[in-house]
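Enquirer: There's a structure below that I have some questions on.
The values are calculated or read from the model by the stated rules, or taken from the named source; none is laboratory data. Values in this document were obtained by computation on a predicted structure and should not be read as measured data. Counting neighbours? That spans all protein chains shown, and the Cβs are built from the backbone with ideal geometry, glycine included. To get the accessible areas, we keep the full protein, side chains included, count just its heavy atoms, and leave off ligands, DNA and RNA. Shrake-Rupley method; radii C 1.70, N 1.55, O 1.52, S 1.80 Å.
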Amino acid sequence: MRALIFSTHTGGGHDAAARAIQQALEAYGVETRIMDCVAFGGAWLSRVVSDGYVKLVQHYPDGFGKMYHIGEVISTPRMKSPIYLMNSAYAFRMVKEITDFGTDMIICTHLFGGQSVTHLRKHGQYKGFFAMVMTDYTFMPFLEDIRPDVLCVSHRAMMKECREKGLPEGILMPFGIPVSPDCNPCTDRAAAKRKVGIDPATPHVLLVGGSMGAGNLPGIVARLMPSLPGNARLTLVCGSNTAAKEQAEKLLSHDRRAQVLGRVTPLYDLMAAADVLITKSGGLTTTEAMTIGTPMVIVHPIRGCETENATFFERMGLALYARSLDELPEKTSRLLSSQEARERMIATQHREIDPECSMHFAAYLVEKTRQRMED
């Protein structure tokens with residue numbers, strides 16, 4: 001059995017979900033290949049989409065929010081979107097790869113790939129099993145363009161909204177957001193701290209801006225550090241944002257409580273060693289943290305899907321949401337100073353997030369694809 005997984009390099013989350021599904025499928029003996037769906041439109045298009053997204057969220061995150069809002073306004077199940085038309089235009093170039101690989105199933109972790117494969121299905125150019133994966137805790141604009149055999153819904157609480165958007169009940173399966181099978185619940189925080197060189201008695205705060213280091217990390221550090229206890233430790237992970245890393249290093253050069261890191265992949269060990277994680281609310285980073293069981297404070301989410309994620313987490317008791325830098329020190333201190341509050345949040349995370357999501361989803365894909373092949 002063979003599976004193609006289509007992702008797109010807009011942030012690290014879609015690729016991380018693709019790799020998680022690949023790991024899970026390969027555990028069931030499925031040969032898999034991950035591909036950038038936009039690259040079928042040309043290497044130049046892939047670069048424009050990837051680089052453009054990174055620059056937008058790093059330097060003008062409100063711009064992404066405005067685009068997202070426009071998408072919400074014009075998104076409708078009654079007609080295909082302009083984005084669908086763009087991604088259907090190069091879909092025919094996928095056919096040779098699909099055929100040559102002997103593809104039995106396609107899984108898409110990004111809207112663009114889902115639209116392309118929907119177009120191929122509509123025109124009879126792909127007849128295998130087709131799955132779409134939600135990577136946020138909200139219904140993205142234009143998701144209703146896609147007609148897969150199954151939609152892996154991010155949380156059961158999202159089922160109602162999916163139905164209201166016109167998606168057929170029969171395709172909705174609330175497995176959750178797939179994370180790597182290597183991402184496991186933390187059972188010993190003290191041991192996790194020792195593993196990364198931190199004394200178990202030291203309060204540890206982890207600050208992450210996603211793979212791109214988005215969210216004004218130096219500004220967060222400047223606002224946060226005066227409120228942290230003298231015996232606390234801050235680990236700042238800047239991802240690919242070298243400018244933020246350089247600014248933070250200068251800012252923290254005389255503060256021995258802090259260490260500044262660049263890109264760290266995966267973050268599992270640091271998350272397990274953190275008493276509190278401060279992060280924007282990307283779907284994959286937060287799901288990994290909740291799978292591990294790490295109390296979270298959300299700050300500076302990118303307007304659009306991430307602000308929707310943050311509101312969802314707050315409502316469900318999965319994280320605290322600091323809507324401004326002024327709120328951040330108090331919310332961080334509240335979690336850091338109360339073991340009871342942290343344990344309560346972790347218990348909620350473990351209740352709401354399935355740590356075996358990727359394996360359960362892979363088992364479902366294998367079963368349904370085998371049934372399709374036997375029909």
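Enquirer: Out of the residues in the range 83-114 that are open to solvent by 20 Å² or more (accessible area, probe 1.4 Å) and of a type in the set (Phe, Trp, Tyr), which is farthest from residue 11 (Cα to Cα)?
Expert: 92
Enquirer: Can you pull out every residue in the range 117-136 that is part of a helix (DSSP H, G or I) and under 24 Å from residue 367 (Cα atoms)? Break it down into steps so the answer makes sense when it comes.
Expert: Taking the range 117-136 as the starting set, the residues that turn out to be part of a helix (DSSP H, G or I) are 117-122.
Across the range 117-136, the qualifying residues are 117, 118, 120, 121, 122.
Enquirer: So which of 325, 318, 365 is open to solvent by less than 30 Å² (accessible area, probe 1.4 Å) and touching a residue at least 40 places away in the same chain (Cβ under 8 Å)? Walk me through how you get there before you give the answer.
Expert: On the way: 325 fails: open to solvent by less than 30 Å² (accessible area, probe 1.4 Å); 318 fails: touching a residue at least 40 places away in the same chain (Cβ under 8 Å).
365 is the lone residue from the list that is open to solvent by less than 30 Å² (accessible area, probe 1.4 Å) and touching a residue at least 40 places away in the same chain (Cβ under 8 Å).
Enquirer: Here's another thing I want to ask about it. Within the range 187-205, which residues are touching a residue at least 40 places away in the same chain (Cβ under 8 Å) and either open to solvent by less than 60 Å² (accessible area, probe 1.4 Å) or in a strand (DSSP E or B) (or both)?
Expert: Those that are touching a residue at least 40 places away in the same chain (Cβ under 8 Å) and either open to solvent by less than 60 Å² (accessible area, probe 1.4 Å) or in a strand (DSSP E or B) (or both): 189, 192, 193, 196, 198, 203, 204, 205.
Enquirer: Between 152, 162, which is closer than 20 Å to residue 26 by Cα, under 19 Å from the mean Cα position of the chain (by Cα) and open to solvent by less than 10 Å² (accessible area, probe 1.4 Å)?
Expert: Numbers: 162 fails: closer than 20 Å to residue 26 by Cα.
Among 152, 162, only 152 is closer than 20 Å to residue 26 by Cα, under 19 Å from the mean Cα position of the chain (by Cα) and open to solvent by less than 10 Å² (accessible area, probe 1.4 Å).
Enquirer: For the list (1) within 26 Å of residue 351 (Cβ to Cβ); (2) touching a Lys or Arg at 6+ places or on another chain (Cβ under 8 Å); (3) at pLDDT 95 or above, I need the number of the one condition that residue 133 fails.
Expert: Result: residue 133 passes all but (2).
Enquirer: Which residue is surrounded by the most Cβ atoms within 10 Å (Cβ to Cβ), if the candidates are limited to the range 211-252 and must be closer than 24 Å to residue 194 by Cα and of a type in the set (Gly, Ala, Ser)?
Expert: Among those residues, the one meeting the criterion is 239.
Enquirer: Against the definition (among the polar types (S, T, N, Q), farther than 19 Å from residue 153 by Cβ, surrounded by fewer than 23 Cβ atoms within 10 Å (Cβ to Cβ) and free of Cβ contacts under 8 Å to residues at least 60 places away in the same chain), how does residue 333 come out, yes or no? It would help to see each step written out before you state the result.
Expert: Numbers: among the polar types (S, T, N, Q): yes; farther than 19 Å from residue 153 by Cβ: yes; surrounded by fewer than 23 Cβ atoms within 10 Å (Cβ to Cβ): yes; free of Cβ contacts under 8 Å to residues at least 60 places away in the same chain: no.
No: the conditions fail for residue 333.
Enquirer: Name the helices (runs of 4 or more DSSP H) wholly within the range 256-329 that hold at least 3 residues that are of a type outside the set (Phe, Trp, Tyr) and closer than 19 Å to residue 182 by Cβ? Reasoning before the result, please.
Expert: Details: elements: 268-272, 283-292, 305-316.
Passing ranges, in order: 268-272, 283-292.
Enquirer: Okay, moving on. Could you please tell me which pairs satisfy a Cβ distance under 7 Å, a separation of 6+ or placement on different chains, a first residue in the range 68-87 that is more than 18 Å from residue 116 (Cβ to Cβ) and of a type in the set (Phe, Trp, Tyr), and a second residue that is at pLDDT 70 or above and open to solvent by less than 80 Å² (accessible area, probe 1.4 Å)?
Expert: Taking only residues 6 or more apart or on different chains, the pairs are 68/141; 68/304; 68/305.
Enquirer: I need the full set of residues from the range 11-31 which are buried (at least 22 other Cβ atoms within 10 Å of the Cβ) and either of a type in the set (Val, Ile, Thr) or in contact with a Phe, Trp or Tyr (Cβ under 6 Å, 6 or more places away or on another chain) (or both), in order please.
Expert: The one that is buried (at least 22 other Cβ atoms within 10 Å of the Cβ) and either of a type in the set (Val, Ile, Thr) or in contact with a Phe, Trp or Tyr (Cβ under 6 Å, 6 or more places away or on another chain) (or both): 21.
Enquirer: Do we find that residue 11 is assigned to a helix (DSSP H, G or I), among the small types (Gly, Ala, Ser) and modelled with pLDDT under 80 in this structure? If you could, list the steps in order and put the result at the bottom.
Expert: Values: assigned to a helix (DSSP H, G or I): no; among the small types (Gly, Ala, Ser): yes; modelled with pLDDT under 80: yes.
Considered against the rule, which asks whether it is assigned to a helix (DSSP H, G or I), among the small types (Gly, Ala, Ser) and modelled with pLDDT under 80, residue 11 comes out as no.
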